[in-house]
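Each remark here refers to the structure printed beneath this line.
The values are calculated or read from the model by the stated rules, or taken from the named source; none is laboratory data. As the structure is a prediction and not an experimental result, all values here were calculated from the model. Please note: Cβ atoms are built from the backbone with ideal geometry, for glycine as well, and neighbour counts cover all protein chains shown. Note: accessible area is taken over every heavy atom of the protein model, side chains too, but ligands, DNA and RNA are not part of it. Shrake-Rupley method; radii C 1.70, N 1.55, O 1.52, S 1.80 Å.
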Amino acid sequence: MSTLENAARTRAGADRGRRTIVSFMRRSGKLDARLARAWSEHSAAYLLKLDQAPAGLGVDPGLTVDRGFLETAFGRRAPLTLEIGSGQGENVVAAAADHPERDYLALEVYEPGLAHTMLLAGKQGLSNLRLARTNATEFISAAGPGALDEAWTFFPDPWPKMKHHKRRLIQPALAADLARALTPGGLWRIATDIDDYALHVHEVMDADPAWRNLGDERVSLAIEHVGKGTAERAAALPHADFLESTRFPGRILTNFERKGLVAGRAIHDLTYQVVRAGDGELRPR
């Protein structure tokens, strides 16, 4: 292992203990009989244990999620897509079924969502999918350099109140950690149906030299933030053009997204590519 990799792991381990703001609310979710049965039947095959603490949502301090760990978890070496916040699992299960040559790892904190994902995957006997009940920021901090090939974050919690925007998942620290964890040239695909969250993503990602915005469509967004109760002000605020992507064909239309469309919300697809080499050197843009 190189000195740079050792230093990255040391920094990542230290960071795990410092991050106290989380992007999710802790809430219990009781499993109905069908989901409880799915958990009982499939958790041994699909669920990775990253935190030995009871009900822990972190990653044990001594654990590094590197290629070796992942090869052991999947029983092979293959390109890996990470979904951050997999919800009910519709997208990641469909992708795993359509692309058996790839491996997929879904991160989700809510047990009912994980159980539903197990139910869908178990019905198809998928072997290229694993799940983890973990805080995504801690997981990515624990990931080894170049451990991942692609990441998805579809419709993250918008935290609509202005005072809660600091809880939004996509933040500079996460972007830096994910740029390190992805292979050079790896992609981060993001989707949101909240205009203000799209602005937030652009502010974080477009300013980060480790990432290239691959968007090819211009969209107009208000350049001042609005929140719950003030969103109607956005139309009257100054606007600017930003580059976004066409819809990612690998993202299926879920009930959640359909509700946003019915409500008249625009869907923002954003695609970013890592331009930072694995040794920390910036590649030409």
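What the table shows:
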{"read-out": "Conditions (1) farther than 20 Å from residue 269 by Cβ; (2) not in a helix (DSSP H, G or I); (3) not polar (S, T, N, Q): number failed by residue 166", "value": "(2)"}
{"read-out": "Pairs where the first residue, in the stretch 187-199, is within 12 Å of residue 154 (Cα to Cα) and without any contact (Cβ under 8 Å) to a residue 12 or more places away in the chain and the second is in a strand (DSSP E or B) and open to solvent by 10 Å² or more (accessible area, probe 1.4 Å), C-beta under 9 Å, 6+ apart", "value": "none"}
{"read-out": "Qualifying residue in the stretch 37-51 (condition: at pLDDT below 95 and open to solvent by 10 Å² or more (accessible area, probe 1.4 Å))", "value": "yes"}
{"read-out": "Among (1) under 30 Å from residue 67 (Cα atoms); (2) assigned to a helix (DSSP H, G or I); (3) hydroxyl-bearing (Ser, Thr, Tyr) - the single one residue 271 does not satisfy", "value": "(2)"}
{"read-out": "Qualifying residues in the stretch 123-150 (those that are surrounded by fewer than 20 Cβ atoms within 10 Å (Cβ to Cβ) and farther than 22 Å from residue 88 by Cβ) - the one farthest from the chain's Cα centre (by Cα)", "value": "146"}
{"read-out": "Residues located in the stretch 103-124, provided they are of a type in the set (D, E, K, R), assigned to a helix (DSSP H, G or I) and within 22 Å of residue 157 (Cα to Cα)", "value": "111"}
{"read-out": "Pairs, first in a helix (DSSP H, G or I) in the stretch 169-182, second open to solvent by 50 Å² or more (accessible area, probe 1.4 Å), C-beta under 9 Å, six or more apart", "value": "172/207; 173/19; 179/276; 180/276; 180/278"}
{"read-out": "Test: residue 267 is touching a helix residue (DSSP H, G or I) at 6+ places or on another chain (Cβ under 9 Å), modelled with pLDDT of 95 or more and closer than 22 Å to residue 95 by Cα", "value": "yes"}
{"read-out": "Any hit, the stretch 87-102, residues being surrounded by 20 or more Cβ atoms within 10 Å (Cβ to Cβ) and assigned to a strand (DSSP E or B)", "value": "no"}
{"read-out": "Every pair of residues 6+ apart whose Cβ atoms lie under 9 Å, when the first sits in the stretch 56-80 and is over 17 Å from residue 151 (Cα atoms) and hydroxyl-bearing (Ser, Thr, Tyr) while the second is part of a helix (DSSP H, G or I) and open to solvent by less than 60 Å² (accessible area, probe 1.4 Å)", "value": "64/12; 64/13; 64/142"}
{"read-out": "Of residues in the stretch 201-222 being touching a helix residue (DSSP H, G or I) at 6+ places or on another chain (Cβ under 8 Å) and over 17 Å from residue 178 (Cα atoms), the one most open to solvent (accessible area, probe 1.4 Å)", "value": "219"}
{"read-out": "Options 193, 241: the member that is among the acidic types (Asp, Glu) and loosely packed, with under 14 Cβ neighbours inside 10 Å", "value": "241"}
{"read-out": "In the stretch 52-62, the residues that are aliphatic (A, V, I, L, M) and either open to solvent by less than 40 Å² (accessible area, probe 1.4 Å) or in a helix (DSSP H, G or I) (or both)", "value": "57, 59"}
{"read-out": "Condition broken by residue 18, with the remaining ones in (1) of a type outside the set (Phe, Trp, Tyr); (2) modelled with pLDDT of 50 or more; (3) part of a loop (DSSP other than H, G, I, E, B); (4) exposed (fewer than 15 other Cβ atoms within 10 Å of the Cβ) satisfied", "value": "(2)"}
